[in-house]
Amino acid sequence: MSAVATLSAVPTPAGLTPESSPSVVIFSLARARRELKALEDWLLSEETSHLPLHEVEREQERRGREIQRLLLEAHVAHRGTGDVGPAVAVRSSEAPDQEVLHTHRRLDPRHPQTIFGEISVNRLGYLHSGSAAVHPLDEQLHLPERSFSYELQRRLIKGAVQGPFDEAVERVEESTGVEIPKLSAEQMTLEAAQDFEAFYQQRTPAPQAQTGPILVGSADGKGIPMVKPQPAERVVRQGKGKKANKKKMATVATVYSQQPRVRTPEEVIESLFATGPRPAKAAGESSGVQSRPEYKRVWASLTLGKEGVIDQMAQEMERRDPEHTKQWVALTDGERALQRTVEGRLPAVPLVLDFQHAMNKLWYGAYAFHKEESPEALAWVKERALRLLRGEVSQVIQGMRQSATKRKLRGCKLKTVKAVTAYFYHNRDRMRYHNYLQQGWPIATGVVEGACKNLVKDRMERSGMRWKPPMAEAMLKLRSTYLSGDLEEYWPFHIRREQERFHPPGQWRPVNLVDEK
């Protein structure tokens, strides 16, 4: 039996209009076949044979999209109108132990936009005066409340986390033919981010055997340009210390596992001070043991603050290693507030000061004793960096202070030396690099600093961009799922959660009026 004959044999629900019958299916399939035949004729016509290929591609895509739209519409019509019986009993919102009987039925069509264009969904609504209508087909099809399908929303969200909203909207329109207003795109972004925390709380971590013995948590801060609460007054020139754009600090965190990478101080110095192009490897030559981050997750928040994000970082580490069988390591720069927060939330975890920040302080100190960019300054930094890596922090501090006294430094140079040595002294317990290297721990915050750039700067700090806190927070959440490689897994979870909010389990049930009597 043919598909059309099979569909035509489906009985029409009693009391419904012809629009809900299988005739809609047959009509849509017939139109799709006509469109396909017209496309075949056009592709093989004499006129088309003289067109450039790119023009044929564009027209074939447009016509093919219409065929897909008709087929999708036929599929939806084939699934019926959502007829579950003569009535439904709906749990009352005021009194959950009471039910309201919805006995009035009528067709209430919807016209959602899909990736193929707008389709018609003839759905049956159950109504009762003073109550919201119940549409069983919406729940069966998992239709969103908005007029844009979830697949269309997914493509929009993916484009929005990659670039500006204008570009995302344009990209969706070019690939689907559907025009999404920018305001709707922004609202969909806000709604799409609301299941971020729940997604990661329920996620099953990778098996312990598949991850390295070192579990790393790292945090940093990155500013985001914000919309000013009041219009800024025009000024001829900004005053000293004032900036045209006001930024609010977002806290960025990352958690990952890795294999140990044991190195000597000399090897680290050689890699830091190497110049010229990297030497080419011979065929079959190994590049050495590279300890890359495993199952890396990055995220950021503007509204939770340092405490909230560090708490999430600790929870993520606990979720990955509840038995504490791995070596936990925390990495930060020298920001005291951040260090205090990490040490307060992870008191038993060793906190490592990023060695690159220690190197920056050394360069400041070098320029107090030698001319900038001079060979003497380079040699001075290289020697003391090696001593720091060997665990000689106190000796470096003492040597800098003695040199400042012998050279009788004054003014800004003396102030710089005092600041650098005070920085090292305050962080001396976090600068045991000789022990860290022997155990194969990381000593640099490159992963979280990369997250600051990729997660925040590359999307949030483009020219002219200003953010309001709710939209910035939503974008940080969605972009972090994308950069962590979790967006495709997050999206079905978000749909399930949203459908549970729209259609709570047990909210309504079909009723046979004869049996109820």
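With a Förster radius of 35 Å, plug the Cβ-Cβ distance of VAL262 and GLU179 into 1/(1 + (r/R0)^6) and report the FRET value to the nearest 0.05.
That gives a FRET efficiency of 0.05.
List the lysines whose Cα sits under 16 Å from the Cα of LYS182, skipping any in the same chain fewer than 8 residues away.
LYS158, LYS468
With the calculation restricted to Cα positions, what are the radius of gyration and Dmax of segment 459-502 in angstrom?
According to the Cα coordinates of segment 459-502, Rg and Dmax are 13.1, 39 Å.
If each residue of separation counts as 0.36 nm, what is the full-extension length gain between GLN398 and ARG63 once their alpha-carbon separation is subtracted?
Here the segment from GLN398 to ARG63 would lengthen by 112.8 nm.
Between GLU372 and ARG336, what length in nm is gained on full extension when 0.36 nm per residue of separation is reduced by their alpha carbon distance?
Using 0.36 nm per residue and subtracting the Cα-Cα distance, I get 10.1 nm.
Expressed in nm to one decimal, what extension gain is obtained for the pair LEU190 and ARG110 from 0.36 nm per residue of sequence separation less their Cα-Cα distance?
26.4 nm
Along the charge dipole of the chain, Cβ charges K/R +1 and D/E -1, which of LEU107, TYR126, PRO469 sits furthest on the positive end?
Checked the options; the winner is PRO469.
Tell me which lysines have Cα within less than 17 Å of LYS453's Cα, excluding those fewer than 8 residues away on the same chain?
Answer for LYS453, where 17 Å is the Cα cut-off: LYS222, LYS247, LYS248, LYS296, LYS477, listed by chain and number.
For GLU500 and THR325, FRET efficiency with R0 = 45 Å and r from the beta-carbon atoms, rounded to 0.05?
0.80
By DSSP, what percent of the beta bridges with both residues in the chain are antiparallel, rounded to the nearest 5?
Antiparallel: roughly 75 percent of the beta bridges in the chain.
Ignoring ligands, DNA and RNA, what accessible area per residue does the chain give at 1.4 Å, in Å²?
Result: 55 Å² of accessible area for each residue.
Which far-off residues, 5 or more places away or on another chain, put their amide H under 5 Å from the one on ALA250, with H placed in the peptide plane?
Amide H neighbours of ALA250: LYS222, GLY223, ILE224.
Over segment 311-389, what is the relative contact order in percent, taking alpha-carbon pairs closer than 8 angstrom and at least six residues apart?
Taking the mean separation of contacting Cα pairs over the length of segment 311-389, I get 22 percent.
By its C-alpha gyration tensor, with a ≥ b ≥ c as the square roots of the eigenvalues, how is segment 82-225 shaped: rounded for a/c under 1.5, else prolate for a/b larger than b/c, else oblate?
Since a/c reaches 1.5 but b/c is at least a/b, the shape of segment 82-225 is classed as oblate.
What's the carbon and sulfur percent of the chain's accessible surface, probe 1.4 angstrom, rounded to a whole number?
51
How large is the dipole of the chain about the Cα centre if only Lys and Arg carry +1 and Asp and Glu carry -1, each at its Cβ, rounded to the nearest 20 debye?
The calculation lands at about 3640 debye.
Please report the relative contact order for the chain, taking Cα pairs under 8 Å with a sequence separation of at least 6, and give it as a percent rounded to a whole number.
RCO, the chain: 17 percent.
So which trypsin sites (Lys or Arg not before Pro) in segment 73-136 are both in a DSSP loop and have at most 16 other Cβ atoms within 10 Å of their Cβ?
ARG79
Taking all pairs of distinct Cα atoms, average 1/r, flip it, and tell me the Kirkwood hydrodynamic radius of the chain in Å to one decimal place.
Its Kirkwood hydrodynamic radius stands at 28.6 Å.
Assign unit charges at the C-beta atoms only (+1 for Lys and Arg, -1 for Asp and Glu), then state the dipole size of segment 348-395 relative to its Cα centre in Debye, rounded to the nearest 20.
Its charge dipole is roughly 120 debye.
Which of the helices in the chain, when you take each full DSSP H run, stretch at least 27 Å along the axis at their Cα atoms and have an average Kyte-Doolittle score of -1.0 or higher?
Qualifying helices, which must be both long enough and hydrophobic enough, are 23-43.
The values are calculated or read from the model by the stated rules, or taken from the named source; none is laboratory data. Keep in mind that what you see is a predicted model, and the values were worked out from it rather than measured. Virtual Cβ from ideal backbone geometry, glycine too; neighbours counted across all protein chains shown. When the accessible area is computed, the model is the full protein with side chains, heavy atoms only, and any ligands, DNA or RNA have been set aside. Shrake-Rupley method; radii C 1.70, N 1.55, O 1.52, S 1.80 Å.
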